[in-house]
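What follows is a single structure, written as structure tokens, with notes after it.
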Amino acid sequence: MEAGSLVSRREDISSLFPEQTPGAKYKDLSSQFSSVRHVRGDGNCFYRALCFAHLESVLHNARALQRFKQTVIETCKHFSSAGFDESSFKHHLNTVVYVVEQCQADEQEDRLFQLFNEQVTSDSVVQYLRLLTSAHLQNHADFFCDFVEAPDLQLYCRQEVETMAMECDHVDILALSQALDVCIHIVSMQGDEQQLAHHVIPEGAEPSVHLLYQMSHYDILYLQHKN
């Protein structure tokens, strides 16, 4: 990954392999995925990876891009019902709308790549996603409070979710998937088993985003194209 970049160019999946003989998990990974895009490990990698990968997956689908933009605009009411002051989220929401509009105008991966490597723009997108995750958790507190390992959901949201550079938890991933209506496939390298672990959120849906999870870090995966 180039120094200073937040999201890398696509690289062959073998770039993940250790120098010694790759184990069963790596072979399994390369049989399913052709390439990987690295995301900076700054505690914001999940949010950055998710948004980039989703926008990239709908880049050439005008209807899906417009639908995503509409979803983002309508999150205004989620923030309001969670008690957020407009000044705390409006700028970040507008940044995401701007990024989507740039994708609509250009439909080029290079433009998306450029926007996500502009620190101010990219971090503003991440901040929006964090605030949206927090709003969704609080608006559905009856459901989520059992999953949050904290005595106070609001405090958890403020300290763990809304704060930049805090690593996300499974509950945050579920909340954001629901809030944006985006299905996520997480391939985990963790654990001693010989097989990869696969998590699809929500279960049973068709994922538009494939993420690799290893050592508390997320990168973007690209499926092998079947001939």
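For the chain, which span is the longest to avoid every loop-located (per DSSP) member of GluC sites (Glu not before Pro) having at most 15 other Cβ atoms inside 10 Å?
Working: sites that count: E2, E19, E107, E118, E149, E167, E193, E203.
The answer is 20-106.
Taking a quarter of the surface of the convex hull around the Cα atoms of the chain, what do you get in nm²?
In nm², the orientation-averaged hull projection of the chain is 13.3.
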Value of Rg/Rh across segment 36-122 [Cα atoms, Kirkwood radius]: 0.98
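Give the shape of segment 72-173 as rounded, prolate or oblate, defined through the alpha-carbon gyration tensor: a ≥ b ≥ c are the square roots of its eigenvalues, a/c under 1.5 means rounded, and otherwise the shape is prolate if a/b is larger than b/c and oblate if not. Show your work: numbers first, answer last.
Numbers: a/c = 2.42, a/b = 1.85, b/c = 1.30.
Verdict is prolate for segment 72-173.
Return a single number: how many Lys pairs in the chain, at a sequence separation of 8 or more or on separate chains, have alpha-carbon atoms below 27 angstrom apart.
For the chain, qualifying lysine pairs total 5.
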Where the centroid of each part is defined by its Cα atoms, how far is segment 64-126 from segment 1-56 in Å? 23 Å
Pop the C-beta distance of R67 and H91 into the FRET formula with R0 = 22 Å and round what comes out to the nearest 0.05. 0.45
Expressed to two decimals, segment 5-65 has a Cα Rg over Rh, using the Kirkwood radius, of 1.05
Interchain or long-range residues, amide H under 5 Å from S34's placed H: Y222, L223, Q224
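Which loop chymotrypsin sites (Phe, Trp or Tyr not before Pro) in segment 131-227, with loop taken from DSSP, have no more than 14 other Cβ atoms within 10 angstrom of their Cβ? Walk me through the numbers on the way to the answer.
Working: sites: F143, F144, F147, Y156, Y213, Y218, Y222; in loops: F147.
Loop-located and lightly packed - F147.
If you take every DSSP beta bridge fully contained in the chain, what fraction is antiparallel? Give it as a percent rounded to 5.
Working: 17 of 22 bridges.
Taking every DSSP beta bridge within the chain, about 75 percent pair in antiparallel fashion.
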Apply the Karplus curve 6.51 cos²θ - 1.76 cosθ + 1.60, θ = phi - 60°, to the phi angles in segment 123-130 and return the couplings in whole Hz, x for Gly and Pro. 5, 5, 4, 4, 4, 4, 5, 5
Applying the Karplus parametrisation 6.51 cos²θ - 1.76 cosθ + 1.60 with θ = phi - 60° to the phi angles of segment 43-60, what ³J(HN,Hα) value in whole Hz is obtained for each residue in order, glycine and proline being reported as x? x, 10, 4, 4, 5, 5, 5, 4, 5, 4, 5, 5, 4, 4, 5, 10, 4, 9
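Quick note: the coordinates plus some simple rules give every number you see, no bench work behind them. These numbers come from a predicted model, not from an experiment. Quick reminder, even Gly has a Cβ in these numbers, built from the backbone with ideal geometry, and neighbours come from all protein chains shown.
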